[in-house]
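These notes concern the structure reproduced below.
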Amino acid sequence: MIPSNISLDSALADAHLPALLMASVHLTGDAGLLTSERRAVYDPLADANQGGYSERVQADIRAIAKAAIEAYRAGAPIPPEPSRATIRKMMNYVAGADIPEHYVEFLMDELGLGGPDTKTPRWEKAALKTDPGTMHALIIGAGMSGLLMGFRLKQAGVPFTIIESNPDVGGTWLLNTYPGCRVDNPNHMYSYSFEPCHDFPQHFSTQPVLLDYFQRFAAKHDLRRHIRFGTTVEEAVWDEAAALWRVKVRTAEGAHEMLNVNAVISAVGQLNQPRYPDTLEGYGSFEGPAFHSARWRHDVDLTGKRVAVIGTGASAYQFVPEIAPDASHVTVFQRTPPWATPSATYHSDVAEGKKWLLEHMPFYDKWYRFFLFWLLTDGVYAMVKGDEDWHGPSHSVGVANQQHRELLTAAMHMQASDRPDILAKVVPQYPFGGKRPLVDSGGWIATLKRDNVELITEPITRIRPHGVETRDGVEHAADVLIYGTGFQASRFLWSMRVVGRDGVDLQTVWAGDARAYLGATTPGFPNFFMIYGPNTNIVINGSIIFFSECTVRYITGCLKLLAQTGARAMEVRRDVHDAFNVKVDKANALMAWGSPHVNSWYKNAAGRVTQNWPFPIVEYWNATVAPNPDDFVLSGVKETETV
Ligand SMILES: Cc1cc2nc3c(=O)[nH]c(=O)nc-3n(C[C@H](O)[C@H](O)[C@H](O)COP(=O)(O)OP(=O)(O)OC[C@H]3O[C@@H](n4cnc5c(N)ncnc54)[C@H](O)[C@@H]3O)c2cc1C
């Protein structure tokens with residue numbers, strides 16, 4: 001709920017001051033407010049800080065904002081948009097960094113600073129050879145990405161159907177209901193850029209809040225009537241002669257049905273097929289309840305139980321602190337510890353005054369989003385990029401990376417100085433950024449310090465009927481076994497069979513080594529597109545929503561290209577695809593997650609990083625604003641079969 005009866009002074013007391021100053025520049029039109037003492041300086045370990053301003057400067061900014069808001073509420077018009085040079089200066093001031101010129105356009109687009117959503121598809125019918133109304137696209141998945149794709153196609157006037165196995169929308173946020181599940185990058189950036197939510201109750205929303213956000217999005221834009229729930233795509237086969245995908249779906253009743261569509265868009269996600277430690281000896285022999293965190297058994301009461309948790313990844317890091325107070329004992333088995341970045345706001349509510357400003361002060365929400373966006377994405381890119389001539393310890397990949405390691409290690413020392421036994425186990429020996437860093441509010445180490453919690457680093461040798469045995473021969477007794485073992489992330493698109501030109505199976509082509517051009521298209525598979533496909537994941541705390549927004553714009557642009565040219569099919573050129581992947585592999589090898597000293601789910605069995613985007617994200621934005629027609633082979637002009 002946005003508070004309605006809050007005093008302006010108390011709202012301003014809760015403001016993020018750099019964002020407040022920039023919104024004031026918009027309301028007053030006065031670029032002179034950008035004095036040197038009002039340029040933010042950040043402490044990387046204190047994300048909620050106020051730009052390093054002195055008390056005097058803080059009071060000063062609040063007074064300026066108060067006058068600006070009062071004038072605006074009294075009817076003063078908003079002055080024309082600041083010049084590009086001023087906007088760039090404002091960005092520098094909020095970021096506390098000199099942002100390169102080529103970022104300005106990208107950031108203005110991402111923030112929608114110019115007003116209307118710049119990502120809305122604009123198709124001029126007169127310039128199209130194919131009526132978009134005669135095309136039909138099939139979207140697979142109604143999670144964050146599939147809903148977004150549907151929304152954009154609706155705007156473009158392209159008929160579409162979304163096929164979803166689950167009974168509801170939300171994907172990740174429908175399935176992960178484990179205690180403590182929440183987003184680990186702030187919600188005011190983990191939300192669609194064009195669909196802000198000013199009443200998120202917390203900075204890092206919990207799963208029910210996120211699910212509600214996506215459910216509301218589907219309802220608001222009337223997407224549900226395009227979705228067939230409880231239905232699974234089993235197979236999609238390209239029919240070259242008809243230039244159509246013949247898609248076999250299994251309905252909720254178990255019947256099979258064929259759908260014929262011009263384009264197939266996979267939005268099946270990367271993280272929804274649980275990975276079980278099924279190669280462990282004795283797997284399946286545990287006699288008590290055993291389940292994966294993504295399939296949480298809410299019928300199993302953990303109160304007073306001995307619980308064994310395998311894994312210390314992102315999910316376990318969130319649910320172990322939640323279950324420990326009720327369980328009689330929790331044994332946590334760790335292979336590698338996670339890095340975590342301290343955050344004062346990880347579990348805290350959004351102050352009422354901040355909600356009021358987000359809703360009522362024009363541009364405040366945009367600049368607050370920018371602050372989060374920059375500081376959690378390209379603003380920290382240097383920390384996870386290797387120095388080519390790095391000769392330091394192998395637990396870092398460069399100077400900035402090593403410095404950040406020292407900072408985070410110091411934070412862990414502060415929390416566990418009284419428990420050297422724990423400290424010895426929680427400081428990672430791989431570079432920061434080798435795996436997606438988690439968010440540390442002190443809860444993890446505090447939980448490990450509890451009398452009823454034990455962190456085991458001895459490798460597991462087998463699962464026993466009543467516990468878990470480790471290499472030292474100890475059997476750790478348990479009543480309940482929980483797998484916090486993550487997802488089969490390298491198995492892209494494994495929920496279905498995709499057969500392209502000449503009967504070639506996508507999984508055969510990939511052979512466990514998924515590749516695509518811009519994560520979206522692959523040669524031999526005309527009119528087949530992917531969202532959150534290979535190499536579109538991010539490690540430092542950016543939001544996947546940003547990537548999906550870029551990919552969706554790109555795919556919408558591809559369909560527009562078909563309509564503009566009247567072509568029936570488009571297929572990325574193999575040389576373009578291959579050259580792109582060479583570049584990606586080379587760049588990934590230099591990143592913290594590509595380091596030979598890191599073993600993670602980002603790498604497939606062959607050791608190649610199939611998940612991550614290795615460049616600054618501005619480069620993905622640049623490459624996906626619109627498809628380059630020269631990258632594609634367009635075929636079969638006109639006489640498209642209508643479906
Ligand atoms: C616990 C957890 C926490 C996360 N936290 C963050 C975070 O903090 N920040 C962040 O940026 N990202 C996070 N992620 C990543 C998250 O997956 C993405 O942010 C986002 O939700 C992906 O949305 P999606 O629509 O692409 O995929 P999903 O949400 O996985 O949705 C895919 C949908 O496709 C459906 N589907 C799959 N195959 C078929 C088929 N053959 N037929 C029909 N339907 C099918 C599935 O049922 C599912 O509903 C997290 C992931 C997990 C698991």
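The values are calculated or read from the model by the stated rules, or taken from the named source; none is laboratory data. Since the structure is predicted, the reported quantities are computational estimates derived from the model, not experimental observations. In this analysis, Cβ positions are derived from the backbone assuming ideal geometry, glycine residues included, and neighbour counts consider all displayed protein chains. Accessible surface is based on the protein model in full, side chains and every heavy atom, while ligands, DNA and RNA are left aside. Shrake-Rupley method; radii C 1.70, N 1.55, O 1.52, S 1.80 Å.
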message: Looking at the structure I just gave you, is Asp117 open to solvent by 10 Å² or more (accessible area, probe 1.4 Å), outside any loop (DSSP other than H, G, I, E, B) and away from the ligand (no atom under 16 Å from the Cβ)?
response: no
task: Residue by residue through the range 581-597, note down the ones that are of a type outside the set (Val, Ile, Thr) and assigned to a helix (DSSP H, G or I).
output: Asn581, Lys583, Asp585, Lys586, Ala587, Asn588, Ala589, Ala592, Trp593, Gly594
statement: Taking the range 236-275 and keeping only residues that are of a type outside the set (Gly, Ala, Ser), crowded, with 22+ Cβ neighbours inside 10 Å and modelled with pLDDT of 95 or more, one is left with Trp238, Leu244, Trp245, Val247, Val249, Asn262, Val264, Ile265, Val268
field: Filtered residues of the range 156-190 (kept if assigned to a loop (DSSP other than H, G, I, E, B), modelled with pLDDT of 95 or more and more than 9 Å from the ligand (Cβ to nearest atom))
entry: Gly157, Val158, Pro159, Pro167, Thr177, Pro179, Gly180
statement: When the range 134-155 is checked residue by residue, the ones that are within 9 Å of the ligand (Cβ to nearest atom) and not hydrophobic (A, V, I, L, M, F, W, C) are Gly141, Gly143, Ser145, Gly146
- request: Considering every residue within the range 132-139, establish whether at least one is more than 22 Å from the chain's Cα centre (by Cα) and part of a loop (DSSP other than H, G, I, E, B).
  value: yes
field: Among residues of the range 400-458, those that are touching a helix residue (DSSP H, G or I) at 6+ places or on another chain (Cβ under 7 Å) and of a type in the set (A, V, I, L, M, F, W, C), counted
entry: 14
Those residues of the range 248-270 which are near the ligand (Cβ under 10 Å from one of its atoms) and not basic (Lys, Arg), in sequence order: Val249, Ser266, Ala267, Val268, Gly269, Gln270
- request: Kindly provide the set of residues from the range 271-293 that are within 16 Å of the ligand (Cβ to nearest atom) and in a loop (DSSP other than H, G, I, E, B), ordered by number.
  value: Leu271, Asn272, Gln273, Arg275, Tyr276
- line: the range 418-526: helices (runs of 4 or more DSSP H) wholly inside it with 2 or more residues that are farther than 19 Å from Ala236 by Cα and charged (D, E, K, R) are 420-426
query: Name the pairs: first residue in the range 136-159 and on the phi > 0 side of the Ramachandran plot, second residue in a loop (DSSP other than H, G, I, E, B) and more than 11 Å from the ligand (Cβ to nearest atom), Cβ to Cβ under 9 Å, at least 6 apart or on different chains?
result: Gly157/Pro121; Gly157/Trp123; Gly157/Asp131
